[in-house]
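**Q** A single structure is presented below for examination.
Every read-out reported here was derived from the displayed coordinates using simple, explicitly stated rules and does not represent laboratory data. Small disclaimer: the values here were computed from a predicted structure and weren't measured. For neighbour counting, all protein chains shown are included, and Cβ atoms are generated from backbone atoms with ideal geometry for every residue, glycine included.
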Amino acid sequence: METKVSETKKFMYINRHAPHGTVYAHEGLEVVLIGAAFEQDVCMAFIGDGVFQLKQDQDTTEAGMKNFSPAYRALGDYEVNKLYVERESLEERGLSEDDLMPLTWEDEDEDWAEKPSIRVVSRAELSDLLEEQDVILNF
Amino acid sequence: MKFSVMVNEGPYTHQASDTAYQFTRAALAAGHEIFRVFFYHDGVNNGTRMTAPPQDDRNIVNRWSELAAAHELDLVVCVAAAQRRGIVDADEAKRNGKDGDNIAPGFRISGLGQLIEAGIQSDRLLVFGD
Amino acid sequence: MLHTVNKSPFEASSLKTCLSLAREGSDVLLIEDGVYGGLAGSAHAAMVEDAIKSVKVYALGPDLKARGLAEDRLISGIEVVDYEGFVELACANDKVQSWL
């Protein structure tokens with residue numbers, strides 16, 4: 001059986017938990033950032049309460065917890081620039097795309113033009129995206 | 001088939017570690033290979049040798065250690081999650097100025113890269129958690 | 001794809017999310033507390049009965065037994081498998097998605 005030495009797989013990290021109430025959002029993000037070094041084809045999906053992870057203006061000072069939300073801004077630099085947010089999940093929660101952090105990446109193929117990383121997709125589109133993946137991790 | 005398994009919750013509080021163990025055992029019995037079992041989030045708590053559960057209940061930590069010994073399994077506890085939760089081997093104890101270590105036999109502490117590698121190298125990666 | 005659901009539909013929305021995203025022809029395996037989603041006559045039974053038209057639903061036998069649920073309490077069409085069957089399902093599908 002042929003073994004590929006350097007194989008690129010499609011990784012999807014699915015995020016369904018809100019931030020701060022549990023550790024999954026924070027530690028999940030750490031996996032994505034560290035995993036970026038492996039140069040796989042990576043994307044993230046935010047479904048259900050996971051969409052709250054991308055909410056702007058998070059301030060954890062009084063709660064006395066780590067505010068890890070700035071770390072999402074680093075994703076673009078790590079070439080993680082496909083952040084799929086489920087439209088139905090936003091709507092159910094009374095959120096719009098304007099409530100989310102303006103996360104961007106720089107496309108070197110287009111003269112480093114700054115582009116949005118967040119892509120709001122429908123449930124049906126997300127279902128298709130799931131099928132395309134090789135490895136799916138859930139946080 | 002080459003499997004890797006991810007365990008996201010600690011022993012007893014959730015069934016995740018139990019199900020992961022039973023799946024791993026069944027896969028081995030069917031002749032499959034287990035590339036790695038990776039413990040993350042509270043799953044790192046499966047790697048402490050300090051548990052002393054009641055005699056009439058399963059010993060989750062020992063079960064993993066014994067399975068690892070019998071099948072030369074690679075049980076990896078994530079270093080970042082372990083540091084947060086106090087799962088320590090001798091090196092980590094020294095590095096962080098702790099007065100003891102508690103890692104169980106058959107487990108080793110390593111980085112998140114081991115999880116990504118498992119995803120790349122395995123045919124199937126299964127996640128057990130809450 | 002093999003989908004696994006480990007939470008009761010009375011506790012969490014993961015079964016609903018799973019069924020709304022699972023494509024036709026997928027396999028869905030109820031494990032741990034997820035097996036409660038397979039109970040006939042429950043408030044969630046209609047959702048599962050509807051899903052069975054397009055996906056194949058399984059329940060993990062050891063988890064049913066642990067919870068005192070006899071197989072004849074399940075929605076018609078749900079197949080019971082053991083851990084060996086779980087492994088086979090994982091092999092037969094190209095990947096596994098765990099709806100935690």
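**Q** With the dipole of segment A:89-135 worked out from charges on the C-beta (+1 for Lys and Arg, -1 for Asp and Glu) around the Cα centre, which of A:G94, A:P116, A:S127 lies farthest toward the positive end?
**A** A:G94
**Q** Considering the dipole of the protein assembly as shown built from charges on the beta carbon (Lys and Arg +1, Asp and Glu -1) around the Cα centre, which of C:G34, B:T13, C:A22 is farthest to its positive end?
**A** Looking along the dipole axis, the top candidate is B:T13.
**Q** Right, another one. Across chain A, how many lysine pairs, 8 or more positions apart or on different chains, have C-alpha atoms separated by under 17 Å? Please give the number. Could the numbers behind the result be given before it?
**A** Values: A:K9/A:K82; A:K10/A:K82; A:K55/A:K66; A:K55/A:K82; A:K82/A:K115.
Within chain A, the lysine pair count is 5.
**Q** Let me ask you something else. Relative to 2.2 N^0.38 Å, what does the C-alpha radius of gyration of the protein assembly as shown come to as a ratio? Two decimals please. Intermediate results must be reported in sequence, preceding the final value.
**A** Working: Rg = 20.6 Å, N = 369, 2.2 N^0.38 = 20.8 Å.
Here the answer is 0.99, to two decimals.
**Q** If you scale each eigenvalue of the Cα gyration tensor by 5 and take the root, what three semi-axes come out for segment B:71-130, rounded to whole angstrom and sorted largest first?
**A** Numbers: eigenvalues 118, 30, 23 Å².
Calculated on Cα positions only, the semi-axes equal 24, 12, 11 Å.
**Q** Where is the GNM fluctuation largest for chain A (alpha-carbon springs, 10 angstrom cutoff): A:K66, A:K55, A:K115?
**A** A:K66
**Q** Right, something else. Only loop residues by DSSP count here, and only those with at most 16 other Cβ atoms within 10 Å; note down the GluC sites (Glu not before Pro) in segment C:10-87 that meet that.
**A** Working: sites: C:E11, C:E24, C:E32, C:E49, C:E71, C:E79, C:E84; in loops: C:E11, C:E24.
Passing both the DSSP loop test and the Cβ count: C:E11, C:E24.
**Q** Put a dot 7 Å past each Cα toward the Cβ at A:T104 and B:A90; how far apart are the dots in nm?
**A** Label at B:A90, label at A:T104, 5.3 nm between them.
**Q** Here's a follow-up. Based on the Cα coordinates of segment C:58-100, what is the per residue volume of their convex hull in Å³?
**A** Value for segment C:58-100: 86 Å³ per residue.
**Q** How large are Rg and Dmax for segment C:2-99 when only the alpha carbon atoms are used, in Å?
**A** 11.9, 33
**Q** If you filter segment C:46-100 for trypsin sites (Lys or Arg not before Pro), then keep DSSP loop positions with at most 16 other Cβ within 10 Å, what is left? If you can, show how the numbers build up before the last one.
**A** Details: sites: C:K53, C:K56, C:K65, C:R67, C:R73, C:K95; in loops: C:K53, C:R67, C:K95.
Hits after loop and neighbour filter: C:K53, C:R67.
**Q** Right, next: Separation between the A:T22 and A:E7 pseudo-spin-labels, each 7 Å from Cα along Cα→Cβ, expressed in nm?
**A** 3.0
**Q** Now, a different point. Can you tell me what share of the DSSP beta bridges in segment A:10-138 is antiparallel? A percent to the nearest 5 is fine.
**A** Numbers: 5 of 22 bridges.
Percentage antiparallel, nearest 5: 25.
**Q** Continuing with the same structure: How high is the FRET efficiency from C:A66 to B:A29, r the C-beta distance, R0 22 Å, rounded to 0.05?
**A** So, using R0 = 22 Å, E works out to roughly 0.65.
**Q** Report the charge-dipole magnitude of the protein assembly as shown in Debye, nearest 20, computed about the Cα centre from +1 at each Lys and Arg Cβ and -1 at each Asp and Glu Cβ. Write down the numbers at each step before the final one.
**A** Numbers: 35 positive and 63 negative charges, 225 e Å.
The calculation lands at about 1080 debye.
**Q** Fewest Cβ neighbours within 10 Å first, please rank A:C43, C:C18, B:C78, C:C91 accordingly. If you can, show how the numbers build up before the last one.
**A** Values: A:C43 20, C:C18 24, B:C78 29, C:C91 17.
Exposure proxy ranking, most exposed first: C:C91, A:C43, C:C18, B:C78.
**Q** Which percentage, to the nearest 5, of the DSSP beta bridges contained in the protein assembly as shown is antiparallel?
**A** Numbers: 7 of 57 bridges.
Expressed as a percentage, antiparallel bridges in the protein assembly as shown total about 10.
**Q** I need the chymotrypsin sites (Phe, Trp or Tyr not before Pro) found in segment A:72-125, filtered to DSSP loop residues with at most 13 other beta carbons within 10 Å of theirs. Before the final figure, lay out each step's value.
**A** Details: sites: A:Y72, A:Y78, A:Y84, A:W105, A:W112; in loops: A:W112.
Filter output for segment A:72-125: A:W112.
**Q** Then there is this: In whole Å, what three semi-axes, largest first, describe the equivalent ellipsoid of chain B built from its Cα gyration tensor (square root of 5 times each eigenvalue)? Before the final figure, lay out each step's value.
**A** Details: eigenvalues 100, 62, 32 Å².
Gyration-tensor ellipsoid for chain B: 22, 18, 13 Å.
**Q** For segment A:31-139, what is one quarter of the convex hull surface built on the Cα atoms, given in nm²? Could the numbers behind the result be given before it?
**A** On the way: hull surface 31.2 nm².
If I average the Cα hull's projected area over directions, I get 7.8 nm².
**Q** With labels modelled as points extended 7 Å from the Cα through the Cβ direction, what inter-label distance (nm, one decimal) is found for B:R49 paired with B:H71?
**A** Going from the B:R49 label point to the B:H71 one covers 2.3 nm.
**Q** Extension gain A:R73-A:D59, at 0.36 nm per residue separation less the Cα-Cα distance, in nm? Don't jump to the answer; show the numbers that get you there.
**A** Numbers: separation 14, 0.36 × 14 = 5.04 nm, distance 1.55 nm.
So the extension gain works out to 3.5 nm.
**Q** Please give the residues of segment B:66-84, grouped as numeric ranges, whose backbone N is less than 15 Å from a label point set 7 Å along the Cα-to-Cβ vector of A:K66.
**A** Only B:78-84 pass the distance filter.
**Q** Another question, if that's okay. In a shell of Cβ-Cβ distance under 14 Å around A:T104, excluding A:T104 itself, what net charge do Lys and Arg (+1) and Asp and Glu (-1) give?
**A** Values: positive: A:R73, A:K82, A:K115, A:R119; negative: A:D77, A:E79, A:E97, A:E106, A:D107, A:E108, A:E110, A:E114.
That sum, taken over residues with Cβ under 14 Å, equals -4.
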